Amino acid sequence: MAYRGLPKDFPESFVSRPDVIGLDSNVCFDRYSRYGPYGFDDSIGRTQVEWKNIKWGELQNQCLEQNQGRYRPEARNFANMTPGIEFNEELPATTSIHAESKRTNPSEPLVSYHSRTAVLIRGYEGYTYEENDIQAIRAMITELSLFSGGEYQVFLFVNIKSHDLAIFSDPELYKETLKQHVPEELRDIAILWSEAIFKSWYPNVTNWQVYWHQFMCVQWFSYTHPEFDYVWNWETDARYIGNHYHFFSRVADFAAKQPRKLLWERNKRYYLPAIHGNNYSAFVEDTNEKILDSFAKDKIPPPVWGPQPYPEAEPPQVPVGPTPPTTQEEDKFSWGVGEEADFITLLPMFDPRDTEWSYKDKIWNYVPGVHPEFTGDYPTDIHFKHPKFKELNRRVFINTVVRFSKGLLRAMHDENVVGRAMVAEMWPSTAALQHGLKAVYAPHPIWGDRHWDALYSDLIFNADDRVDGKWGEGRDSVYNHDREYNFQGWSWYYASKFPRILYRQWLGWRVKTHEFAQEERVVGEELGKGTGMCLPGMILHPVKRMAKDRESL
């Protein structure tokens, strides 16, 4: 349930606006309207539900079964919850929603199917599932899967860090491990995996640590679950205040509407309404003009048009994306409109080569045999680099809550098979760039914990070394380690403290804050009485350590 309208004087979002991606900008949610149906504060006398008796996996399967006619025949199967680790080169990779329309008889009308999307909530061995974590998962399953008639299916995707556990060859050990590390209520939506799988799948990469290669397991999931056209990678410490289906569907719709022309270049720039105005279309036109003007003056490379394979790759890369139907000059911003995105991020994508972003050279085997070497003395091989990396076109995105297409995951898999890889925040975006797949930054609204001067905020977050079109890509990049502190007051950034403070206050829970030059203090308790805060739909990350009594940051 949502309330119509926003609280008086509620601040405007700092980055973008809700209506840019199609979100409802005139509703808000308090903690009871958002989480009451999912068990929030049952102690106040609301109807008690025996949550441990709910079989969320079974409910999702029943929902799929009742709506199976909406999906292509290959997507109607129940998900395999104990997929094997055998590598089958012959597994078909192309059957997807992109090939959904078929004629079994030329006289019959085309058959059109809905796509299916898996949502992988990333857990790990030893994680403590707080009650609020579980309430958020209940909301995701209800709103994404049950509400949509099976368009989405939610999984708890659990990393078993004990690599020597033979869970994939011993069914009883698998069950025992599942029981040990996953709450009873969530066990029938959980899939266990381990880094140990990938040493045999991708031996040529030479490293399989999830810290560097977070998406090898997502590739494995997609490979063993071909019924899903798309996969969202989601974190246990992310929250959406609002209806999940509304958010996910609007993000996907926005991405599908974007033309490919100048898309990679537009993906770099933040839309800041305080300085760019409230007309997003005008902002896009201004961005396009700046890109084309800088290119005409030889200040930036030619805009991306079609696949960009690395010329020195060995074996050579064979792009899987489409060939442009015309030249970039002839295209009227029409190519790509209506095309589903292969990759969607919630923050910009940028070329890191001229920045001081910490992991820009974490690259495996693009130069054959050249890759980082991690040791006890040098756990991150901080000095690793190679002169050829300067010519290796690549893209970085921050925060790993992203959506993949099956085609992109298969391209990433094929690259890993021959040994090529990059650090997780650089890998899928670069694979999409090289293979000519559609990648889109979806500019959802982000709030700040304080007021920023409009011009100053643009100079910081869209820093460009005084070259239009190089937003975030120069020596003054906001993603440089010594400048990243600017994000600490954002509602969506992996290193920000604000999301947890705001979320706990919204829940009416105590939380410690420590403002610059001020004494540490506890806030939020006064909001535990009455209805408390009412917030618009917003996505928050990170909100770690969510036990009610854990007030410390």
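Bear in mind that the values in this text are calculations on the coordinates, not laboratory data. Owing to the predicted nature of the structure, the values given are computational and were not obtained by experimental measurement. Glycine gets a Cβ as well: all are built from the backbone with ideal geometry, and neighbour counts include every protein chain shown.
Tabulated results
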read-out	value
Gyration tensor verdict on the chain (Cα atoms; rounded if a/c is under 1.5, prolate if a/b is larger than b/c, oblate otherwise)	rounded
Mean Cβ neighbour count within 10 Å, used as a protection proxy, ranking 160-166, 419-425 highest first	419-425, 160-166
Relative contact order (%) - the chain, alpha-carbon pairs under 8 angstrom, separation at least six	20 percent
Loop sites in segment 320-388: GluC sites (Glu not before Pro), DSSP, at most 15 other Cβ within 10 Å	E329, E330, E356, E373
Built amide H within the under 5 Å cut-off of Y441, gap 5+	T345
Backbone HN-Hα couplings from phi across segment 158-166 [Karplus 6.51/-1.76/1.60, Hz, Gly and Pro as x]	10, 7, 8, 6, 7, 5, 7, 6, 8
Residues of type lysines that K175 reaches as a straight line, Cα spacing below 23 Å, ignoring anything fewer than 8 places off in the same chain	K52, K55, K161
Amide hydrogen neighbours beyond the local backbone of M349, cut-off 5 Å, H modeled	K268
Electrostatic dipole magnitude of segment 255-484 [Cβ: Lys, Arg +1; Asp, Glu -1; Cα centre; debye, to 20]	380 debye
Cα shape, segment 255-484, gyration tensor, a/c 1.5 rule	oblate
Any cysteine of the chain lacking a neighbouring Cys Cβ under 4.7 Å - listed by number	C63, C217
Amide H partners (placed H, <5 Å) of A421, local residues excluded	W364, Y366
Neighbourhood net charge (11 Å Cβ-Cβ; Lys/Arg +1, Asp/Glu -1) for P445	-1
3J(HN,Hα) from dihedral phi, segment 485-492, Karplus parametrisation 6.51/-1.76/1.60, rounded to Hz, x for glycine, proline	4, 4, 7, 5, x, 8, 7, 9
Neighbour cut-off at most 12 other Cβ (10 Å), DSSP loop, trypsin sites (Lys or Arg not before Pro), segment 270-311	K297
By average C-beta atoms within 10 angstrom, highest first, the peptides 10-18, 228-236	228-236, 10-18
Sequence-distant aspartates and glutamates (8 or more away, or on other chains) whose Cα lies within less than 15 Å of K470	E265, D286, E289, D293, D298, D351, D354, E356, D458
Cβ-based charge dipole, segment 399-486, positive-most Cα from Y479, W447, A421	A421
Cross-link pairs beyond the 18 Å C-alpha cut-off, checked among K268/K360; K257/K332; K261/K438; K199/K406; K362/K385	K199/K406
Spatial separation of Cα centroids for segment 290-323 and segment 1-69, in angstrom	42 Å
Proximal charge balance of D298 [Cβ under 14 Å; K/R count +1, D/E count -1]	+1
Stretchable slack from T327 to H451, in nm (0.36 nm times residue separation minus alpha-carbon distance)	40.2 nm
Hull-based mean projected area of segment 350-464, where the convex hull spans the alpha carbons, in square nanometres	9.7 nm²
Under Karplus coefficients 6.51, -1.76 and 1.60, residue-wise ³J(HN,Hα) of segment 340-355 in Hz, glycine/proline x	4, 6, 7, 8, 10, 10, 10, 9, x, 10, 9, 7, x, 4, 9, 9
Sites F374 and K512 - FRET efficiency at Förster radius 56 Å, r taken between beta-carbons, to 0.05	0.95
Loop-located chymotrypsin sites (Phe, Trp or Tyr not before Pro) in segment 437-521, at most 16 other Cβ atoms within 10 Å (DSSP)	F516
